[in-house]
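The block underneath contains the structure these notes are about, expressed in structure tokens.
The values are calculated or read from the model by the stated rules, or taken from the named source; none is laboratory data. Because the structure is a prediction, the values reported are computed rather than measured. Positions of Cβ are generated from backbone atoms using ideal geometry, with glycine treated the same way; all protein chains shown enter the neighbour counts. Remember, those area values only see protein heavy atoms, side chains included, never the ligands or the DNA or RNA. Shrake-Rupley method; radii C 1.70, N 1.55, O 1.52, S 1.80 Å.
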Amino acid sequence: MLSRILGLVRDQLLAAFMGAGALQDAYQVAFRLPNMFRRLFGEGAFNAAFVPLFSSVLTKEGVPEARNFARRALGVMLVWLVFLCVLGEVFMPQVLRIIAPGFMQHGDRYTLGVSLSRITFPYLVLICAAALVAGVLNGLHKFSMAAAAYLAFNVVGIAAIVFAAPFMPNVAYAAAWGVTASGVVQLGLLLWACHRAGFGLMPLPPRLTPRIKLLVRRMVPGLIGSGVGQINLTIDTIIATLLPSGSVSLMYFADRINQLPLGVLGAAAGTTLLPVLTRHLAAGDHVAARDAQNRSIDYVLLLTLPAVAGLMVLAGPIMIVLFGHGAFTEHDALLSAQALRAYALGLPAFVMVKVLSPAFFARGDTRTPVYIGIGILVFNFGLNLALMKPLLHVGPPLASSIAAFFNVACLAFILHRRKSLELEGQTKRRIGLTIVASGIMGGVVWLLGQGVVFPHNFWARSVWLGGMVMAGAGVYAVLLHMLGLADLARIVARLRSKLSR
């Protein structure tokens, strides 16, 4: 959550200094490629393949063999990633023609995009290596530093925008150098944490041992299977470059708000659920694995569905208060709010993909999500082409949301057929009541918004928005208590107990 808050500050600076135009578009495209690798590896395919294998080696063969496996994997990964990075640097003009074809219509935007992409591309080497080290820490059940290291991305990024911009051609260059510098800091922090845990990870010379081959076999298919959401967002970016200038920026800032609940709930649930499911299944305790899966679905929807209602009702005020400053005008904020509503519709599906995918990965099946993912990618691309002209910057987000629901439906259907997903009656009842509570909460907030005029002053707007959010949270909490979904007195008592410790 702290990382997301700092990320919001960083995005506010980007919006204020660059607005929604060609400069912002070029930077966002330059950041999209390494950021996709970060999410695929840090929250997706590599984590899904490496953590169960590492945990199994650690449990069955002990610490020395597990450390040797991790060091060998790091050596193989670094050689491959450095090679990929060199290719990317050399052929970046050709890469930009693929991921930003619309830039070719404006030479300056294309040239700037190539320069910025060459600055940010080394980040993929650093962050993918950091993902491996974080996977080791997760396998050791040390989650804190693996999560906290991502703070460095935003801290370094903010510092670069504020302090380095005066020494650069423009803010976009400062932000781009901040991306790569943050990768150095993140990897350093994680290596230090491993060293403190008595698990030093000096890479070994690359060698394709049987265990490394198994890791690669599990990982490569999962790059598509677990990363469908990120690849879909990249398709959105490709389409957005073909739309009017500024469309990439409008969609980016909308997605950033949508990523707040998705990143906090989806990534956290998926990261922690995978080792838990792996442990239960390795012990042959399928009932415990089923219960863990059901609890995860229950918890994430309990927190995600009210977020959907709130974003749908308050999208306009949220974007105006958070980003409607400096070069990012109030009109830009309202246009971005339209994209935010389209993304918010798919929020439950985006989160559920994170929760359902570990059920495959924990069983060593990384292929099935791939086959589903390929179909979803094709479906999403077709929707993008159909919606981009009539809906402009709203089309790609809406296409991604619809595709995400189809993704969830396919994953759930196959898991149910395999007896790996069995929702109990109590879980179904709680989900239904959660939908009702979220709908009522959204209706109450909408009615309050109709009765209280949105002010013109920034601070008054902030108070207005804060009041609406607090009112919605209060109504939702009362509804949860009344419907028997949560015991508020017990929750408060547990929070007091934790704080006192």
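Residues of the stretch 315-332 being crowded, with 23+ Cβ neighbours inside 10 Å and within 22 Å of the chain's Cα centre (by Cα), which ones?
Answer for the stretch 315-332, where residues must be crowded, with 23+ Cβ neighbours inside 10 Å and within 22 Å of the chain's Cα centre (by Cα): Ala315, Met319, Phe323.
May I ask you to verify whether Phe405 is in contact (Cβ under 8 Å) with a residue 12 or more places away in the chain, among the aromatic types (Phe, Trp, Tyr) and out of contact with any His (no Cβ under 9 Å at 6 or more places or on another chain)?
The answer is yes for Phe405.
Which of the residues spanning the stretch 48-83 are under 25 Å from Ala30 (Cβ atoms) and under 23 Å from the mean Cα position of the chain (by Cα)?
Answer for the stretch 48-83, where residues must be under 25 Å from Ala30 (Cβ atoms) and under 23 Å from the mean Cα position of the chain (by Cα): Met77, Leu81.
Out of (1) hydroxyl-bearing (Ser, Thr, Tyr); (2) under 30 Å from Gly466 (Cα atoms); (3) open to solvent by less than 20 Å² (accessible area, probe 1.4 Å), what's the single condition that is false for Ser357?
Here Ser357 clears every test but (2).
In the stretch 186-211, which residues are of a type in the set (A, V, I, L, M) and within 20 Å of the chain's Cα centre (by Cα)?
Leu187, Leu190 - these are the residues of the stretch 186-211 that are of a type in the set (A, V, I, L, M) and within 20 Å of the chain's Cα centre (by Cα).
Just to check your reading of the model, which residue among Ala147, Ala193 is in a helix (DSSP H, G or I), open to solvent by less than 50 Å² (accessible area, probe 1.4 Å) and either in contact with a strand residue (DSSP E or B) (Cβ under 6 Å, 6 or more places away or on another chain) or small (Gly, Ala, Ser) (or both)?
Of the residues listed, the single one that is in a helix (DSSP H, G or I), open to solvent by less than 50 Å² (accessible area, probe 1.4 Å) and either in contact with a strand residue (DSSP E or B) (Cβ under 6 Å, 6 or more places away or on another chain) or small (Gly, Ala, Ser) (or both) is Ala193.
Leu398: touching a helix residue (DSSP H, G or I) at 6+ places or on another chain (Cβ under 7 Å), touching a residue at least 24 places away in the same chain (Cβ under 8 Å), open to solvent by 40 Å² or more (accessible area, probe 1.4 Å) and part of a loop (DSSP other than H, G, I, E, B), yes or no?
Here the answer is no, as Leu398 does not meet what is asked.
Residues to consider are Leu387, Leu392, Leu398; find the one that is in contact with a Ser or Thr (Cβ under 9 Å, 6 or more places away or on another chain) and modelled with pLDDT of 85 or more.
Leu392
Any residue at all in the stretch 163-170 that's over 22 Å from the mean Cα position of the chain (by Cα), open to solvent by less than 30 Å² (accessible area, probe 1.4 Å), without any contact (Cβ under 8 Å) to a residue 24 or more places away in the chain and closer than 22 Å to Gly246 by Cβ?
No, the stretch 163-170 contains no residue that is over 22 Å from the mean Cα position of the chain (by Cα), open to solvent by less than 30 Å² (accessible area, probe 1.4 Å), without any contact (Cβ under 8 Å) to a residue 24 or more places away in the chain and closer than 22 Å to Gly246 by Cβ.
Return the residues of the stretch 340-374 that are farther than 18 Å from Thr304 by Cα and under 21 Å from the mean Cα position of the chain (by Cα); say none if nothing qualifies.
Across the stretch 340-374, the qualifying residues are Pro358, Ala359, Phe360, Phe361, Ala362, Thr366, Pro369, Val370, Ile372, Gly373, Ile374.
Report the residue count in the stretch 59-108 for those that are open to solvent by less than 50 Å² (accessible area, probe 1.4 Å), over 21 Å from Leu124 (Cβ atoms) and not in a helix (DSSP H, G or I).
Number satisfying all stated conditions: 1.
Of the residues in the stretch 409-434, how many are of a type outside the set (S, T, N, Q), in contact (Cβ under 8 Å) with a residue 40 or more places away in the chain and closer than 13 Å to Phe360 by Cα?
So the count comes out to 5.
Could you grab me the full set of residues in the stretch 354-385 that are part of a helix (DSSP H, G or I) and among the β-branched types (Val, Ile, Thr)?
The answer is Val355, Thr368, Val370, Ile372, Ile374, Ile376, Val378.
Scan the stretch 478-489 and report the pairs whose first residue is touching a residue at least 40 places away in the same chain (Cβ under 8 Å) and whose second residue is of a type in the set (Val, Ile, Thr) and assigned to a helix (DSSP H, G or I), with Cβ atoms within less than 7 Å and a gap of 6+ or a chain change.
Cβ pairs passing all conditions: Leu479/Ile440; Leu485/Thr434.
Exactly one of these conditions fails for Lys428: (1) of a type outside the set (Val, Ile, Thr); (2) closer than 29 Å to Met482 by Cβ; (3) exposed (fewer than 12 other Cβ atoms within 10 Å of the Cβ). Give me its number.
Just one mismatch for Lys428, condition (3).
Name the one entry in Ala289, Ala254, Ala240 that is open to solvent by less than 40 Å² (accessible area, probe 1.4 Å) and closer than 23 Å to Ser3 by Cα.
Unique residue meeting the criteria: Ala254.
Take Ile224 and tell me if it is of a type in the set (Val, Ile, Thr), at pLDDT below 70 and closer than 30 Å to Gly346 by Cβ.
yes
When both residues are 6+ apart or on different chains and their Cβ atoms are under 9 Å apart, which pairs have a first residue that lies in the stretch 1-30 and is assigned to a helix (DSSP H, G or I) and open to solvent by 50 Å² or more (accessible area, probe 1.4 Å), and a second that is charged (D, E, K, R) and modelled with pLDDT of 90 or more?
none
Please name all residue pairs, on different chains or six or more residues apart, with Cβ atoms under 9 Å, provided the first residue is in the stretch 346-361 and is at pLDDT below 85 and the second residue is of a type in the set (D, E, K, R) and not in a loop (DSSP other than H, G, I, E, B).
As it stands, the answer is Lys354/Glu43; Phe361/Arg218, since those pairs meet every condition given.
Need the failing condition index for Tyr150 against (1) of a type in the set (Phe, Trp, Tyr); (2) at pLDDT below 90; (3) closer than 21 Å to Asp25 by Cβ, just the number.
(3)
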